[in-house]
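Below: one structure, written as structure tokens.
Taken together, the values in this text are just the output of simple stated rules run on the coordinates, not laboratory data. Fair warning: this is a prediction, and the values are worked out from it, not measured in the lab. Cβ coordinates were reconstructed from backbone atoms using ideal geometry, including for glycine residues, and neighbour counts include every protein chain displayed.
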Amino acid sequence: MSARSNILNKLRAGLAGTAPRPDDFDDKLVTEPWLYAPEDRILRLRTLMEAVHTEVHQLASADWPAKVQQLLDSRNLGNLLYAPGTDHGQQLAQHWQSAGATQDLRAYDRPIEDWKEELFWQVDASLTGSAGGIAATGSLVLWPDRHEPRLMSLLPPLHIALLKASEIEDNLYAMMQRQHWSAGLPTNLLLVSGPSKTADIEQVLAYGAHGPKELVVLILEDA
């Protein structure tokens, strides 16, 4: 018998005759201090995110592709990384074609090994969706997957994120419950409140050291 089996058998033997403790967790401890009226959630999230240099815009759900184009034009950027396998990626590509946008759309549709240098050094901005927002902490929730890998929100100097107003929750616990996180989590889930910043060097605050220098959140009002 292996050492592993011996250890497991001892653990099982130690549980003989015992019963699980009742689950007496009181969710009010983590929710009651962080509840808001539905009409206040956007304002709180926006206030907290803008306080840490996040640029936030509220607009109708149909208007965001034009807003993305405007953001790139105002910064004189030449390209945008997007995920063609997503609904919003397809919507963006349709707008780009019909509006005659000048920036190049660069699709994240291949392994990183095939275009590592280009991805790290030649991409100006990226667009991703989000899994929602948290009003209590002013956080954007990113749920990377095969269509939108983590690098899309990490490498480009400008990250533009789409956030549905209906997916802004009061607190983290409420979001976990509503979206059934216990049924399965990704290998990497992110809570983002602002652009990358650090004050490690000479205690001088600098942006963009470990990720995007700018974060723009587009809050999409329900139609």
#### Entry: Beta bridges per DSSP with both ends in the chain, % antiparallel, nearest 5
25 percent
## Note on the structure
Rounded to the nearest 10, the angle in degrees between the Cα long axis of helix 38-50 and the longest principal axis of the Cα atoms of the chain comes to 70 degrees
### Message
Under 5 Å between amide hydrogens, which residues at least 5 positions from R106 or on another chain qualify, with H placed 1.01 Å from N in the peptide plane?
### Response
L80, L81, Y82
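If you place +1 on the Cβ of every Lys and Arg, -1 on the Cβ of every Asp and Glu, and leave all else neutral, what size is the dipole of the chain about its Cα centre, to the nearest 20 Debye?
780 debye
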### Message
Number of Lys pairs in the chain with C-alpha atoms less than 25 angstrom apart, excluding same-chain neighbours closer than eight positions?
### Response
6
### Task
Determine the calculated [θ] at 222 nm for the chain from helices alone, applying -39500 (n - 2.57) to every DSSP H run no shorter than 4 residues and normalising by the residue count; nearest 500 deg cm²/dmol.
-9000 deg cm²/dmol
### Query
Dipole magnitude of region 92-142 about its Cα centre, charges +1 at Lys/Arg Cβ and -1 at Asp/Glu Cβ only, in debye to the nearest 20?
240 debye
### Residue order, fewest to most surrounding Cβ atoms within 10 angstrom, among E117, E55
E117, E55
### Alpha carbon centroid spacing (whole Å) that separates region 27-41 from region 164-221
19 Å
### Query
Dipole size in debye (nearest 20) for region 49-124 around its Cα centre, Lys and Arg Cβ +1, Asp and Glu Cβ -1?
120 debye
### Query
Across region 74-80, in residue order, what do the Karplus-derived ³J(HN,Hα) couplings come to in whole Hz, using 6.51 cos²θ - 1.76 cosθ + 1.60 with θ = phi - 60° and x for Gly and Pro?
5, 9, 6, 8, x, 8, 9
#### Entry: Calculated Rg and Dmax of the Cα atoms in Å (choose from (1) 19.8, 63; (2) 16.5, 52; (3) 21.6, 73), label
(3)
